1. What number of residues within segment 168-186 satisfy the criterion of being part of a helix (DSSP H, G or I), touching a residue at least 40 places away in the same chain (Cβ under 8 Å) and either exposed (fewer than 13 other Cβ atoms within 10 Å of the Cβ) or out of contact with any strand residue (DSSP E or B) (no Cβ under 6 Å at 6 or more places or on another chain) (or both)?
2. Can you find a residue that is part of a helix (DSSP H, G or I), surrounded by 15 or more Cβ atoms within 10 Å (Cβ to Cβ) and either modelled with pLDDT of 95 or more or under 16 Å from the mean Cα position of the chain (by Cα) (or both) anywhere in segment 41-53?
3. Look at segment 70-84 and say how many of its residues are more than 15 Å from the chain's Cα centre (by Cα) and either in contact (Cβ under 8 Å) with a residue 24 or more places away in the chain or under 13 Å from residue 163 (Cβ atoms) (or both).
4. Hey, does segment 145-157 have a residue that's assigned to a loop (DSSP other than H, G, I, E, B) and under 20 Å from residue 79 (Cβ atoms)?
5. Of the conditions (1) farther than 22 Å from residue 41 by Cα; (2) touching a residue at least 60 places away in the same chain (Cβ under 8 Å); (3) surrounded by fewer than 15 Cβ atoms within 10 Å (Cβ to Cβ), residue 165 clears all except one; give me its number.
């Protein structure tokens, strides 16, 4: 047992350090100490360039995914739409953004049409691969192409809804298991 004591202590300390961040990822709680996630960016919409710095809304809900996604993306965008609808009169103070992680297939018009299916006010954003990767780095988004066929591949990607303020500062992260009323409460607490 003595031989494993240092390893046990190291594991316990690592867990204590990681717990607040992991809890925030799963429950959508405020305060992301030390997290360097977010920042303004400019990508393309069907109306031209959209710079989040000039969006004008109090808050932004941002989701990264792709239009060919068979399950997770439509589920999460539907949840994001339910959150916006649940805000009642405050819904106009929150912008919904869907950012593609698959710009090779997701044209600007494709992401615009896709986002509008969930909520007609949502912005669908695309761009060239370099621009998309820059935004993914800013938001610590993981995405990896799976499969060799250039027409039927999938993209393995992280799935979180980001709540950002008007300065593109991270307010909360919501995982797939965060309940919609919890997200609505968090969003309203920042309005």
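The values are calculated or read from the model by the stated rules, or taken from the named source; none is laboratory data. Quantities reported herein were computed from a predicted structural model and do not represent experimental measurements. A quick note on method: Cβ atoms are made from the backbone with ideal geometry, for glycine too, and the neighbour counts reach across all protein chains shown.
1. Taking segment 168-186 first, the residues part of a helix (DSSP H, G or I) are 180-186.
With touching a residue at least 40 places away in the same chain (Cβ under 8 Å) added as a condition, the list becomes 180-184, 186.
Of the ones still in play, those that are also either exposed (fewer than 13 other Cβ atoms within 10 Å of the Cβ) or out of contact with any strand residue (DSSP E or B) (no Cβ under 6 Å at 6 or more places or on another chain) (or both) are 180-182, 184.
So the answer is 4.
2. Residues of segment 41-53 that are part of a helix (DSSP H, G or I), as a first pass: 52-53.
So of that shortlist, the ones also surrounded by 15 or more Cβ atoms within 10 Å (Cβ to Cβ) come out as 52.
Within this subset, residues satisfying the condition of being either modelled with pLDDT of 95 or more or under 16 Å from the mean Cα position of the chain (by Cα) (or both) are 52.
Yes; the residues of segment 41-53 include at least one that is part of a helix (DSSP H, G or I), surrounded by 15 or more Cβ atoms within 10 Å (Cβ to Cβ) and either modelled with pLDDT of 95 or more or under 16 Å from the mean Cα position of the chain (by Cα) (or both).
3. Start the filter on segment 70-84 by keeping residues that are more than 15 Å from the chain's Cα centre (by Cα), which leaves 70-71, 82.
Now narrow it down to the ones that are either in contact (Cβ under 8 Å) with a residue 24 or more places away in the chain or under 13 Å from residue 163 (Cβ atoms) (or both): 70, 82.
Result for segment 70-84: 2.
4. no
5. Single failed check for residue 165: (1).
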